[in-house]
1. Taking M1 as meeting all but one of (1) more than 19 Å from Q158 (Cα to Cα); (2) at pLDDT 95 or above; (3) in a loop (DSSP other than H, G, I, E, B); (4) within 18 Å of the chain's Cα centre (by Cα), write down the number of the exception.
2. Quick one: in the stretch 47-76, of everything that is open to solvent by 40 Å² or more (accessible area, probe 1.4 Å) and under 17 Å from Q158 (Cβ atoms), which residue is nearest to the chain's Cα centre (by Cα)?
3. Considering only the stretch 108-118, I want to know if a residue exists there that is at pLDDT 95 or above and over 13 Å from the mean Cα position of the chain (by Cα).
4. So, in the stretch 77-101, of the ones that are in contact with a Leu (Cβ under 7 Å, 6 or more places away or on another chain) and aliphatic (A, V, I, L, M), which residue ends up most open to solvent (accessible area, probe 1.4 Å)?
5. Could you pull out the residue among I173, I150, I142 that is without any contact (Cβ under 8 Å) to a residue 60 or more places away in the chain and open to solvent by less than 10 Å² (accessible area, probe 1.4 Å)?
6. Do you know which residues across the stretch 16-43 are among the aliphatic types (A, V, I, L, M) and not in a loop (DSSP other than H, G, I, E, B)?
7. Suppose the filter is buried (at least 17 other Cβ atoms within 10 Å of the Cβ), aromatic (F, W, Y) and within 17 Å of L27 (Cβ to Cβ); does F126 pass it?
Amino acid sequence: MPQLPPAYRWIDEVRPLPRMVAAACQLYGTIETPGSADNPVILDWAKEAGLSKAYSSDAVPWCGLFMALIAKRAGKAAPAKPLWARSWSRFGIASPQAALGDVLVFSRAKGGGHVGLNVGEDETAFHVLGGNQSDAVSITRIARTRCIAIRRPIYRVQPASVAPIHLAASGAISTNEA
């Protein structure tokens, strides 16, 4: 898999890295197959996450599938109906402030939602590591005003790295993560 972009390579040095972030970083750069074909890797994620009956094509939004997979790999239980981004509003526990590894749920202008992991924030946006962002596992900036839920995984012992991360604002703000 490709390396994280230079502005985010600091993530590779964080110890201990929240398990969901570590699992997500291992999948960074995975892309969906254009057209009617499917990326077999993404379809295998559905099998591994126990969602192959509900998920059968990478043309279907897969941010929730990505989150279900990394939650499973990190030993966390996904919420009911994990393929629906807004279902992640019931994951873990509510947090008043986003920290590294928190699950962020976003609204979309035409309904529905998007879900990903917080890896930082700037004055106007969260920096989100997620699936189905420009048809790939990537990091993108999403306006803070679109965030409808900040959910922290439940930890037996919360890693010291689970803290707010302030980053420089760079790059466009996403308006449609598909």
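The values are calculated or read from the model by the stated rules, or taken from the named source; none is laboratory data. From a predicted model like this one, the values you see are computed outputs, not experimental measurements. Heads up, the Cβs are rebuilt from the backbone with ideal geometry, glycines too, and the neighbour counts pull from every protein chain shown. For the accessible areas, the whole protein counts, side chains as well, though only heavy atoms, and no ligand, DNA or RNA atoms are used. Shrake-Rupley method; radii C 1.70, N 1.55, O 1.52, S 1.80 Å.
1. (2)
2. That would be K76.
3. No, the stretch 108-118 has no match at all.
4. L83
5. Of I173, I150, I142, the one residue that is without any contact (Cβ under 8 Å) to a residue 60 or more places away in the chain and open to solvent by less than 10 Å² (accessible area, probe 1.4 Å) is I142.
6. Of everything in the stretch 16-43, those that are among the aliphatic types (A, V, I, L, M) and not in a loop (DSSP other than H, G, I, E, B) turn out to be M20, V21, A22, A23, A24, I31, V41, I42, L43.
7. In short, no.
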